[in-house]
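First up is the structure itself, then whatever we jot down about it.
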């Protein structure tokens, strides 16, 4: 579904991403983790074609980036907790616009269903400026799932949500991935959320992959009881030394 | 253009229609400034016409000039501020990760820009008719190719502005309005370029607008269409358009390489 090979990216002389390899298979749920500045967002944006890597390549659903970016993005949904809604659009209009960009048919019904899935049908007539940050995040997630993507990429999807709404988002995402076979690639600082949602985690530190495997086996490889412990270990000791991978776990 | 491409173009145009509907201050560009321009140049024309010989010619030049200038102005402003709207509303990354192609985006903004152009030029033409009994339509069908060239020139200028914003960020957005204040006097909108200081004339002659306005003045003077001027205007518009597209593609690549696509992300570094 997603195949990224040896991605490298420098910003102002700093090697922000340093030879990242990542494969996400159809229907697989993967979380990209790491402390602030580890290179998660840069890696995600390179995988979406929004940033060009200095070297390495990306294929999404078999489409090489950036050459076949338009076809590739037709298979991907993206939402980020930090992305605002355009201010002068109502939620329904915003979703309608993005539905058209993705070529969604029966758009009105699809918008209704997607809003229901995440419990925000009552927001359809609101302007972006009238929403709380949590509600905007939810609408962003609805936008990302509207066209039934084969790969859903979410950057900090629950960062601004209260625990109840975050639970609803996780439930909606789980249902979507189960029913549609959608692959999921997400970043999060909520390790408990990651353990619930994802079957595989990839830890980045200083732009490099330092662990890749099932949550429990990655935790045990670092001698920790859970992912939170791994996260704290990496945050304290970065940059990590040699790469550690656990693809066979 | 495929069906899905056309749908995406319409989606972008519709989005910008909502922006105009919900931002009354945006109507200044298509209603108020055109009105003020006609009042300014129309009154100036009337004053000059009353001074004696040659004044009536100046009156025609001023009013036809401002009507035609608004074709450039409206086309340019609609496209460049349409793009800027995405940066102001931080919607750029949202769009960059959809199947929307750059050319489809530009077509969508330009499509809705045509609506704004009709409104803006309509206000100018009707005000000129109502306030000063100047009917730009009397210039005849020769106006059509001149307007077509000026429309494309407006889009070409907008592409340069967008490319500069991609390269230098929103600090370059003042060019969306400011660049026209440079192009306008050099283009001989109201006078032949012979009226410009000598050292500026070569630069003026290189602009497609200069030849389009010269062709317009020929119509005002009753000399019919100057096909040579129109040909020069068309040819230089094509050259400028190709240069603008090449520059835009180059700047878009730079934008993506520098990671500027992550504008408003919490820092890709």
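Coordinate-derived values only; no laboratory data. Keep in mind the model is a prediction, meaning the values are calculated, not measured. Positions of Cβ are generated from backbone atoms using ideal geometry, with glycine treated the same way; all protein chains shown enter the neighbour counts.
Side notes on the structure shown:
- Number of residues in the stretch B:195-226 that are over 17 Å from residue B:65 (Cα atoms) and surrounded by fewer than 12 Cβ atoms within 10 Å (Cβ to Cβ): the value is 4.
- Tally of residues being within 9 Å of chain A (Cβ to nearest Cβ) and not in a helix (DSSP H, G or I) across the stretch B:53-108: 8
- Residue A:56 satisfies every condition listed in (1) facing chain B (nearest Cβ under 7 Å); (2) more than 14 Å from the chain's Cα centre (by Cα); (3) in a strand (DSSP E or B) except (1).
- Flag if residue A:30 is in contact with a strand residue (DSSP E or B) (Cβ under 6 Å, 6 or more places away or on another chain) and either within 11 Å of chain B (Cβ to nearest Cβ) or crowded, with 18+ Cβ neighbours inside 10 Å (or both): yes
- Residues of the stretch B:1-18 satisfying the condition of being buried (at least 19 other Cβ atoms within 10 Å of the Cβ), over 23 Å from the mean Cα position of the chain (by Cα) and more than 7 Å from every other protein chain (Cβ to nearest Cβ): none
- Scan of the stretch A:69-80 for residues that are more than 7 Å from every other protein chain (Cβ to nearest Cβ) and within 21 Å of residue B:254 (Cβ to Cβ), ordered by number: A:69
- Residue among B:167, B:257 that alone is out of contact with any helix residue (DSSP H, G or I) (no Cβ under 7 Å at 6 or more places or on another chain), under 30 Å from residue A:78 (Cβ atoms) and surrounded by 13 or more Cβ atoms within 10 Å (Cβ to Cβ): B:257
- Against the criterion of being touching a strand residue (DSSP E or B) at 6+ places or on another chain (Cβ under 8 Å) and without any contact (Cβ under 8 Å) to a residue 24 or more places away in the chain, residue A:14 does not qualify.
- Residue list for the stretch A:3-27, filter: crowded, with 24+ Cβ neighbours inside 10 Å and closer than 26 Å to residue A:192 by Cβ: A:20
- Sole residue being over 25 Å from residue B:3 (Cβ atoms) and either free of Cβ contacts under 8 Å to residues at least 24 places away in the same chain or within 11 Å of chain B (Cβ to nearest Cβ) (or both), chosen from A:2, A:83, A:65: A:83
- Residue check, residue A:103 at the interface with chain B (Cβ under 8 Å from one of its Cβ atoms), farther than 18 Å from residue B:93 by Cβ and in contact (Cβ under 8 Å) with a residue 12 or more places away in the chain: yes
- When the stretch A:1-51 is filtered for residues that are more than 18 Å from the chain's Cα centre (by Cα) and part of a loop (DSSP other than H, G, I, E, B), the ones remaining, listed by number, are A:12, A:13.
- All positions within the stretch A:87-97 that are in contact (Cβ under 8 Å) with a residue 24 or more places away in the chain and facing chain B (nearest Cβ under 7 Å): A:87, A:88, A:89
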